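Report on the structure given below.
The values are calculated or read from the model by the stated rules, or taken from the named source; none is laboratory data. Bear in mind that the values here come from a model prediction, so they are computed numbers and not experimental data. Neighbour counts are summed over all protein chains in view; Cβ atoms, including those assigned to glycine, are modelled from backbone coordinates with ideal geometry. For the accessible areas, the whole protein counts, side chains as well, though only heavy atoms, and no ligand, DNA or RNA atoms are used. Shrake-Rupley method; radii C 1.70, N 1.55, O 1.52, S 1.80 Å.
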Amino acid sequence: MSARDEVLARVRRAKGPREVAPVPREYRAAGTRGPGDLELFAERLRDYRARVRVVAVDEVADAVAAALRDRGARHVVTASGVPPEWTATWAAAGTVPPSAPPSAPPSAEQAGSGEPVELSDPVSRIESRVPLGGDAREALREIVAAADAVVTACHVAVAETGTIVLDHDAADQGPRALTLVPDYHLVVVRAEQVVAGVPDAVAALDGVRTQTWISGPSATSDIELERVEGVHGPRTLEVVIVR
Amino acid sequence: MTTFLGMPAGGGNLTGEPFPKAAREALGNAQLRRNLAKATGTIRAKRANVVGELPDWAQLRAAGAAIKDEVLANLDEHLVRFEEALTSRGTHVHWARDAGEANRIVADLVRATGTREVIKVKSMATVEIGLNEALAGIGVHAVETDLAELIVQLGKDKSSHILVPAIHRNRSEIRDVFRREMPGVDPDLTDDPRALAEAARRHLRHKFMTVDVAISGANFGVAETGSLVVVESEGNGRMCLTLPRTLISVVGIEKLVPRWQDLEVFLQLLPRSSTGERMNPYTSVWTGPTEGQTSHVVLVDNGRTATLADPDGRAALRCIRCSACLNSCPVYERTGGHAYGSTYPGPIGAVLSPQLTGVDRNPTLPFASSLCGVCYDVCPVAIDIPAMLVHLRGRVASAKGTTPESTAMRALAWAMADARRWRRLVRLGRFGRLASRHVPLPGWSTARDLPQPPKETFRDWWESSR
Ligand code: SF4
């Protein structure tokens, strides 16, 4: 008998009656709590030591430019579907002015020398819909390894937990490596994408094939169970909330 | 083999020295006890905070238990559905009866890629089956990329906790391991956790960018969609799941949930119970091979069907490996995880390990508890561990003939069979005397500290310290 058939036969022999009581779902279900509270969402993000800017629709480009400037970013990548106007202000500036590195400690090594830098190709765009087999994988690796910042949209966000979820098949969110390898991730979240709780997000993600749920920057609790931010994923997460 | 209905037992890293002996050694280690008390104290407080924040925690817990019971009641059907969903998307599905078979499958897959090195996401299932040792046997080095697993691997140590395998090490011990074992490490590395995390980042960065085969486990598999879910903190999981060309995921057959919607329950229960956070930093979900990868799933039994066969023990398969029961257990806090001799220590290990292996190969673990009940209170899927321990003590006692050990077990089983009787004995501080007078087993009567519970029971302590 194949291992498959044997394991299945064992299961059939071992298990009890097939009848089961229906799952009691008396917890706060999807769609019962209204839209997500933006202030709560921002507060939760800050609890994870993510940086948050809350702006109006027409301020997005300025907020993105300010964030990238503060970061001292030189080589920015975005997913192909990110609206070009989000990065337009920053790209048009043509140079990165010398800027004091922001307060987060890990950014010091990325902040550069303090000299203004000419930007030849300020924003690289990564196609997310192409299958990333063979050479495309290699090319992607090289591009993201060289980038020092990435800008994307998201699919849904959860106020109660400060979570942002990416759909990697969406053109404005890009393949997984895009938002993983650069040390700084800037996400633009639109107000209507913010839901109240986890069940709302799970409902919104039904059928989404490849997802990453992000709650703050990379962290570990492996040393004496104390939280330390910044291990392998982006060490800085910055969120622009469009109210 | 003493498993239910003669179901084949599991193998791998599930047995060690008898618990009383190992515990006695651990109890002599004051540093270990300090490290554990500090770490588990921190995490208990964090967990209590974030669990208290949710007004519907009890309802989520009830749903979590019911969903897992639903899976177990029709596990064969869910497995077949899961397999179909995976296969239809192009994932290769393999089945393994036991640890040895799972290791052979993975070793063959790795060999076929020609690599000499694989990167690993933290996975209890692969520790359970002893995969790293098996890969070493074919000349392949498995690089652990989770910080705590890396500490254990570099220190040639063993895991002592299911979430934080190096919980028994404090920061200066970790610095010493890194200074000694990490190639190219800064010799002046300090014991600041930030510096230690940075050292691990540098050490692993190159591996992530160059090694082309990864091995993962999974926290959940969704039967209806074939989605796999990995819950993590550091981003090492994302690196391993994303960058290599070949991904092999080793998944215990009990890891399924029936529907996508069920994750709305577990993605609330798990992070709050395990690291005490509202949400863990990263959760990856993938459905079929992604971005040009080749993807394999190895479904492993290794004693799980033997566990399923016992109606009074099968609820142990609900476990989502959050580790809340370890962090809350007064026995675990004093002995540490190594004393349990199994990949799965603590209260869940005391009920799961003997069921996976058969009680004859783990006869002392069901006694590694004072039945204080706090493990049940904190368990997000409501596994009644104390009741299961009592049941398994009965199985141990009836499995043995009349050896001194079995007489001892029966005496203990009597004392422990009734929770109120047991608590009374414990409160009166009588258990040690009872054990030494009436238990004709030198190993037990001299192992003063266990199963003799701490002077103050957890309940007493809990009540008095609030
Ligand atoms: S038994 Fe319950 S508390 Fe313990 S690890 Fe499993 S799910 Fe968590």
message: Could you check the spin-label model distance between B:HIS141 and B:ARG194? Points 7 Å from the Cα along Cα→Cβ, value in nm.
response: 3.1 nm
message: List the aspartates and glutamates whose Cα sits under 13 Å from the Cα of B:LYS122, skipping any in the same chain fewer than 8 residues away.
response: A:ASP222, B:GLU144, B:ASP146, B:GLU149, B:GLU232, B:GLU234
message: If the reach is capped at under 17 angstrom between alpha carbons, list the lysines near B:LYS38, excluding any in the same chain fewer than eight residues apart.
response: B:LYS46
statement: For region B:111-228, the convex hull over Cα atoms projects on average to an area in nm² of 8.5 nm²
- line: Comparing each residue of region A:169-203 in the complete protein assembly with the chain by itself (heavy atoms, probe 1.4 Å, ligands and nucleic acids ignored), those losing at least 20 Å² of accessible area are A:ARG176, A:ALA177, A:LEU180, A:VAL181, A:VAL198, A:PRO199, A:VAL202
Cα Rg, Dmax (largest Cα-Cα span) when computed across region B:280-382, Å: 16.3, 52
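For region B:46-304, what class follows from the C-alpha gyration tensor (a ≥ b ≥ c being the square roots of its eigenvalues): rounded when a/c is under 1.5, otherwise prolate if a/b is larger than b/c, else oblate?
oblate
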task: Name the shape class, rounded, prolate or oblate, that the alpha-carbon gyration tensor gives for region B:15-152, where a ≥ b ≥ c are the square roots of its eigenvalues, rounded holds for a/c under 1.5, and otherwise prolate holds if a/b is larger than b/c and oblate otherwise.
output: oblate
message: As an exercise, use a Förster radius of 60 Å and the Cβ-Cβ distance of B:ASN29 and A:ALA56 to find the FRET efficiency, rounded to the nearest 0.05.
response: 0.50
field: Kirkwood hydrodynamic radius of region B:16-80, from inverse mean 1/r over distinct Cα pairs, in Å
entry: 15.9 Å
- request: For A:ARG13 and A:ALA92, compute 0.36 nm times the residue count separating them, minus their Cα-Cα distance, and round to one decimal in nm.
  value: 21.6 nm
- prompt: When the Cα centres of region B:238-288 and region B:97-127 are compared, how far apart do they sit, in Å?
  reply: 20 Å
query: B plus A alone minus the pair: what accessible area, both sides summed, probe 1.4 Å, in Å² to 100?
result: 8000 Å²
message: In region B:282-307, whose amide N lies under 19 Å from the spot 7 Å out along Cα-to-Cβ of B:VAL80? List them in ranges.
response: B:299-301, B:305
message: P(r) for region A:192-243, please, calculated from all Cα pair distances in 10 Å bins and given in %.
response: 19, 36, 36, 10
query: Which percent of the accessible heavy-atom area of region B:46-304 goes to carbon and sulfur, probe 1.4 angstrom?
result: 48 percent
task: State the Cα centre-to-centre distance between region A:169-217 and region B:316-372 in whole Å.
output: 37 Å
